[in-house]
Amino acid sequence: MNQKIGRSERDNKATDAAAILSRNDTGIGEVLDAGPVLYLYSRTQEMRAKLQLGFRDSWSTLYAMALMRAVYNCPLAEMEHCYRRSILRVLFPNISLSKQNMTHLFQGGMYYNSY
């Protein structure tokens, strides 16, 4: 299934994650929520690459937050809840969106690396 030509490992992971969620029958909401996220994920490869260059340590958190804001209109106070319901938790499993971690991120825990 992962032997598709021209697809990155993470793109295959995104496709497999949607299949896993539907196979495990974890809830209709999660399966439906996967569509818009996966669509935006497939259309934002350049954005991810620039975030990786500029924010090496926090790019995935920033990216996931941007997608949740765009897809779910999720306020900052609800990011952790939205993340747990989203396919993003499968794509980016090591993100912590607790209030404490987000405060650290915005108060100086994210450093821009000029390239």
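What follows draws every value from the coordinates through simple rules; no lab data is involved. The shown structure was predicted, so the numbers you read here are calculated from the model rather than taken from an experiment. Cβ placement follows ideal geometry from the backbone for every residue including glycine, while neighbour counts extend to all protein chains displayed.
Apply the Karplus parameterisation 6.51 cos²θ - 1.76 cosθ + 1.60, with θ equal to phi minus 60°, to every residue of region 93-99 and state each ³J(HN,Hα) to the nearest whole Hz, in sequence, with x for glycine and proline.
So the J values, rounded to whole Hz, are x, 9, 8, 10, 10, 5, 4.
What ranking, highest mean first, results for peptides 62-72, 46-56 when packing means the other Cβ atoms within 10 Å averaged over each residue?
62-72, 46-56
Compute the distance in nm between two label points, each set 7 Å from the Cα along the Cα-to-Cβ direction, one at Lys50 and one at Asn94.
Roughly 2.5 nm, to one decimal.
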